[in-house]
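Note sheet for the following structure.
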Amino acid sequence: MTQQSDNAPAMEKIRENDSKTPCAMAKKRPEQPRRILNLGCGRKKMAGAINVDFFAEEADVRHDLDTFPYPFNDGEFDEIHAWNVIEHLKDTISAMNEIHRIAKKDALVHIRVPHFRSACLYEDITHQRGFAWRSFDIFTKSSEIYGEYSKINFTIIERRYSPYLIQIVYKILSKFPKITDNLISKYIPMASIEFTMKATKE
């Protein structure tokens, strides 16, 4: 009669130790740190990011964002921030094309721009234009805006009106963007629109 082995626990321990040997551990690639880009940083440098600005003294990279291409490789960044900067640029379409180029596949892109009925749009004379709820729809496949002005593709994950004072009011307005842009914004002061987008690539 064959005797059953009672070494199963010991064998499991050996397998566990084998997985921790230098040879096995060498096969595991270390996680690469996330690459984050902050375009138009101004005086607000973002910790852990590459901060780009043409005028800010403490920028990590000094570059005119109206000059293309940007000094970065294709698909270099996991996350890109462009807060209060796109409205300063002369060519929005070329800027968005560049952001898409240097973003990795599925990279998140965070953008804040002034609403077209915002007072701050006119307070800064370097602003080129204001934006509406659907201004970036032309960069999506589901766009209803006429004209194929760009071949890039973003997916808009989230967008919202940023508040002046009472946050809950603007949260509600974000649920009714067409009415807000076309009618309500005539009577309730608007500030900015914030977008979270994903760089869609094949």
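Coordinate-derived values only; no laboratory data. Keep in mind that this is a model prediction, so the values were computed, not measured. Methodologically, a virtual Cβ is constructed for each residue, glycine included, from the backbone with ideal geometry; neighbour enumeration extends over all protein chains shown.
Going by average Cβ neighbours within 10 Å, how do the peptides 178-184, 43-49, 157-163 rank, with the highest at the top?
157-163, 178-184, 43-49
Around residue 63, which amide H atoms from residues at least 5 apart in sequence, or from another chain, sit under 5 Å from its own amide H, with H modelled in the peptide plane?
For residue 63, whose amide H was placed from the backbone, the distant partners under 5 Å are 53, 54.
Sum up the charges of everything whose Cβ sits under 15 Å from the Cβ of residue 189, counting Lys and Arg as +1 and Asp and Glu as -1, but leave residue 189 out. Could the numbers behind the result be given before it?
Working: positive: 117, 186; negative: 123, 181.
Once all neighbours under 15 Å are counted, the net charge is 0.
Starting from the Cα-Cα distance between residue 186 and residue 142, subtract it from 0.36 nm times their residue separation and give me the gain in nm to one decimal.
Numbers: separation 44, 0.36 × 44 = 15.84 nm, distance 2.77 nm.
Length gained between residue 186 and residue 142: 13.1 nm.
HN-Hα J couplings of the stretch 70-85 from phi, Karplus 6.51/-1.76/1.60, θ = phi - 60°, integer Hz, Gly and Pro as x?
Values per residue, Gly and Pro as x: 6, x, 9, 7, 4, x, 8, 10, 7, 8, 10, 10, 9, 8, 6, 10 Hz.
Please state the charge dipole magnitude for the stretch 37-129, taken about the Cα centre, from unit charges on C-beta atoms (+1 on K and R, -1 on D and E), reported in debye and rounded to the nearest 20.
Details: 11 positive and 16 negative charges, 54 e Å.
Rounded to the nearest 20 debye, it is 260 debye.
Take the Cβ-Cβ distance between residue 120 and residue 31 as r, set R0 to 41 Å, and report the resulting FRET efficiency rounded to the nearest 0.05. Walk me through the numbers on the way to the answer.
Working: r = 40 Å, r/R0 = 0.98.
After rounding to 0.05, the efficiency reads 0.55.
What size of dipole, in debye to the nearest 20, comes out for the stretch 93-202 about its Cα centre when the only charges are +1 on Lys and Arg C-beta atoms and -1 on Asp and Glu C-beta atoms?
Numbers: 17 positive and 11 negative charges, 51 e Å.
In debye, rounded to 20, the stretch 93-202 gives about 240.
Among the listed pairs 90/171; 90/201; 90/151; 104/151, which are separated by more than 24 Å between their Cα atoms?
Values: 90/171 30 Å; 90/201 26 Å; 90/151 19 Å; 104/151 16 Å.
With Cα atoms farther than 24 Å apart: 90/171; 90/201.
Determine the relative contact order of the stretch 120-202: mean sequence separation of Cα pairs under 8 Å and six or more apart, normalised by residue count, in whole percent.
Values: 92 pairs, mean separation 27.2, N = 83.
So the answer I get is 33 percent.
Give the relative contact order (percent, whole number) for the stretch 61-202; include only Cα pairs under 8 Å separated by 6+ residues. All intermediate terms of the calculation are to be shown ahead of the outcome.
Numbers: 252 pairs, mean separation 39.5, N = 142.
Worked out over the stretch 61-202, it gives 28 percent.
For the stretch 106-171, compute Rh as the Kirkwood radius over C-alpha pairs and then the Stokes-Einstein diffusion coefficient at 10 °C and 1.306 mPa s; write the answer in µm²/s, rounded to an integer.
Details: Rh = 13.9 Å.
In µm²/s, the coefficient is 115.
What's the extension gain from residue 166 to residue 74 if we count 0.36 nm per residue and subtract their Cα-Cα distance? Before the final figure, lay out the partial values.
Numbers: separation 92, 0.36 × 92 = 33.12 nm, distance 4.09 nm.
Residue separation times 0.36 nm, minus the Cα-Cα distance, leaves 29.0 nm.
Karplus couplings for the stretch 176-189 from phi (6.51 cos²θ - 1.76 cosθ + 1.60, θ = phi - 60°), rounded to Hz, Gly and Pro as x?
10, x, 5, 5, 5, 4, 8, 9, 5, 5, 6, 10, 10, x
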